[in-house]
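One structure is given below, encoded as structure tokens.
The values are calculated or read from the model by the stated rules, or taken from the named source; none is laboratory data. Bear in mind that the values here come from a model prediction, so they are computed numbers and not experimental data. Note that we place each Cβ from the backbone using ideal geometry, even for glycine, and neighbour counts take in every protein chain shown.
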Amino acid sequence: MLLKIENLHVSIHGKEILKGFNLEVDRGEVHAIMGPNGTGKSTLAAVIAGKEVFDVTKGSITYKGKDLLAMSIEERAREGIFIGFQYPVEIPGVSIANFMRTALNEIRQYRGEEPLTAAQFLRLMEEKKKVVELTAKLSDRSVNEGFSGGEKKKNEIFQMAMLEPKLAILDETDSGLDIDALRVVANGVNQLRSPENAIIVITHYQRLLDYIVPDKVHVLYDGKIVKSGTKELALELEEKGYDWIKKEYEQGKLT
Amino acid sequence: MTPFTQYIVNLFEKNAKQLTEGDVGFLADLRKKAIAVFAERGFPTGKMESWRHHPLDQHVEKEYTLQLTPEPYLPIDKVFKCKIGNIGTNMFTLMNGWYVHQHAPLTIFPNGMMVGSLLMAIQQHPDLVKAHLAQQDLQKTDPLVAMNESLFTDGLFIYVPDNLHVDQPIQMVSLATSKENLLIQNRNLIVLGKNASLSIIYCNDSIHDGKSFTNNVTEISLDEQAKMNYYKMENKDPDSLLIDHILVDGKTSAQFLSNTITFNAGYVRTMITVNLNEPYADAKLYGLYLVDKMQYVDNHVFVWHKATDCTSTQLYKGVIDNEATANFNGHILVAQDAQRTAAFQTNRNITLTDEARIMTKPFLEIYADDVQCSHGATVGQLNDEALFYLRSRGICERNARILLLYAFANEIVETIEIESLRHRLTDMVKKRIRGEFSHCEECVLHCSDPKDITFSIDVSKI
């Protein structure tokens, strides 16, 4: 098993957000996590990334057989975890090229590989830009600075392509995208799917899942997964909304 | 009169005869008027608002040596090699307050440009100099300008005639080489004719600095459509005391750009005054300071919009480590008739320790009603969100901090238009931020002296 989350309880500033979350994801799988606002979807992504404001009060996250929660933020990335952020931060003055080269070479060093030469790096970057149809000259552009919503999300998937993670968690990658950009981003993700890696897609809407077809769909409500199913579950949610889930949960039919 | 004011007045009386011996009439008059103003206004103390934070009278020695004769010629090009590759500057040197030359105290180039000793220019071209020297009202400028005017030794004079664009930058190197506690007062005058342009790189360094006290004044006069870029590098040792006044007058459509970079300082204060006297004149004033230990760096920037349609931008950024202190005092004054002024002022700082101090005072004074002005200052640490984002891609915390700090500083370095200088400074900023000081082995300036290569920003604290 690539990722195993057991009975995870997470709080922020004393308020419990995740309340006994369980999930198992294996290589080659695509999981979708859906659910209404404020149920803990982004918290899950942030905790896996290593964001320090969250307190894990109970439970465990095991990744490649190791205790993920004991790893530093950068160690997680070097071990192959990638988070596509919902709101990627703008970093004026740091070019995307310099950022990616630093990141890639640190990851390579961690794995005991030689750093890429400038020429190798540029070739790789040009190749990976095609994944999300990026045309901008990345050595001139600061990370996310002045990017539109669509460009920011494309840039996230571009970074995913560059870093070739084992486990990618895409947090509302579809939010703020028009139909064309959505297609480009989804196509990019599909190109990066392989039997070796796993992807967790966090989304409100079924729309993205038309393009990125999941193996499993989970509904997150009140800090835990209350229902799991196949891609048909997403269609059902699209049609009926989340109210029936809430109702069934409150009636104790879901646990 | 404070003791140090009295000391300077006495110094003037004792040395006036010898100092003014070669002076033409108007210069002797200037000096006499200046010392009277200085005596009346006094040497800066903590009672003067603009000197409140770091009163200068508490930093000066009791006595200084005044070097009254020029340095004998030193083959400076044999010992001074600037490491900035392919910069191709035309270099002129001031040593202990005097212009150092091999052949001629004043050189006239084939294109008409004149460079050399100010004293010599006063003798040979008195009318030209008189029209531009000492144009400021000594009652309004800092009292140290009056002190300089009364007792300056020599300085660099540059004249660029109308319509001449000088491609090769001029590098002014001001050195202090004495083991004694010298009082050094350079007076520089740079005059650009109509539609003329020039870049200056001004390096202020010390070789064997006793506890010298340098009080320089550089006057810059820009005629219509003249364009001047002025890059100023500070690399002084911890015992040095350096006050630099830059006084700029711009006529219609004149453009002035300055970039003040301070890597090492004892006590450094740069006071830039730009008078935008006629319409469409523009000033861009940038500054970067990376200081640590007990260093003190102070930037006072005053832009006076006197005419309509002028524009000005001030952007100063600093990183302050250990117990260092930085001061920024920016003042934009928009006169009543200066309609359609656009003036902006920003000061951003990152402090690395609880002891590092920054005092910032952005200040707007506006009497016109149709203007676009803004000012602002920030003091803080690096952006946590950005740090997290970089680390989440596998970059270790130390390198993430370096990347962000470099990006912060580089915004200033990027404004340098001379490519070779920009590259060199980019390199120096990177090394400085990584905690290695950049060595200029071939340069006689003190940055090659191991005793001074001790700067380190401890990135773990950023």
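Summary table
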{"item": "Failed condition for A:LEU167, given (1) within 13 Å of the chain's Cα centre (by Cα); (2) surrounded by fewer than 21 Cβ atoms within 10 Å (Cβ to Cβ); (3) closer than 27 Å to A:LYS66 by Cα", "result": "(2)"}
{"item": "When residues of the stretch B:29-66 are limited to those that are without any contact (Cβ under 8 Å) to a residue 40 or more places away in the chain and within 20 Å of the chain's Cα centre (by Cα), the one surrounded by the most Cβ atoms within 10 Å (Cβ to Cβ)", "result": "B:TRP51"}
{"item": "Among (1) in a loop (DSSP other than H, G, I, E, B); (2) within 18 Å of B:GLU224 (Cβ to Cβ), the one test that B:ASN322 misses", "result": "(2)"}
{"item": "Residue, farthest from the other protein chains (Cβ to nearest Cβ), within the stretch B:377-425, restricted to residues that are in contact with a helix residue (DSSP H, G or I) (Cβ under 6 Å, 6 or more places away or on another chain), part of a loop (DSSP other than H, G, I, E, B) and farther than 15 Å from B:ILE201 by Cβ", "result": "B:LEU382"}
{"item": "Unique match (being of a type in the set (Phe, Trp, Tyr) and touching a residue at least 40 places away in the same chain (Cβ under 8 Å)) among B:PHE408, B:PHE344, B:PHE363", "result": "B:PHE408"}
{"item": "Lone qualifier among A:ALA32, A:ALA103, A:ALA49 - being buried (at least 16 other Cβ atoms within 10 Å of the Cβ), touching a strand residue (DSSP E or B) at 6+ places or on another chain (Cβ under 7 Å) and within 14 Å of chain B (Cβ to nearest Cβ)", "result": "A:ALA49"}
{"item": "Condition met for A:GLU114 (over 19 Å from the mean Cα position of the chain (by Cα) and farther than 15 Å from A:MET162 by Cβ)", "result": "yes"}
{"item": "Odd one out for B:ILE366, checked against (1) farther than 17 Å from B:TYR286 by Cα; (2) within 14 Å of another protein chain (Cβ to nearest Cβ); (3) among the hydrophobic types (A, V, I, L, M, F, W, C)", "result": "(2)"}
{"item": "Given (1) touching a residue at least 60 places away in the same chain (Cβ under 8 Å); (2) farther than 25 Å from A:ILE17 by Cα; (3) outside any loop (DSSP other than H, G, I, E, B), index of the condition A:GLU196 fails", "result": "(3)"}
{"item": "For B:TYR159: the one exception among (1) more than 26 Å from B:ASN15 (Cβ to Cβ); (2) of a type in the set (Ser, Thr, Tyr); (3) surrounded by fewer than 24 Cβ atoms within 10 Å (Cβ to Cβ)", "result": "(3)"}
{"item": "Output for the stretch B:100-123, where each listed residue is part of a loop (DSSP other than H, G, I, E, B), in contact with a helix residue (DSSP H, G or I) (Cβ under 8 Å, 6 or more places away or on another chain) and over 18 Å from B:LEU175 (Cβ atoms)", "result": "none"}
{"item": "Selection count, the stretch A:1-26, where residues are at pLDDT 95 or above, surrounded by fewer than 15 Cβ atoms within 10 Å (Cβ to Cβ) and of a type in the set (D, E, K, R)", "result": "3"}
{"item": "Residues satisfying the stated conditions in the stretch A:233-255, i.e. out of contact with any strand residue (DSSP E or B) (no Cβ under 9 Å at 6 or more places or on another chain), part of a helix (DSSP H, G or I) and either without any contact (Cβ under 8 Å) to a residue 12 or more places away in the chain or under 20 Å from A:PHE21 (Cα atoms) (or both)", "result": "A:GLU239, A:LYS240, A:ASP243, A:TRP244, A:LYS247, A:GLU250"}
{"item": "Out of A:LEU182, A:LEU209, A:LEU134, sole residue that is away from every other protein chain (no Cβ under 14 Å), touching a Phe, Trp or Tyr at 6+ places or on another chain (Cβ under 8 Å) and in a helix (DSSP H, G or I)", "result": "A:LEU182"}
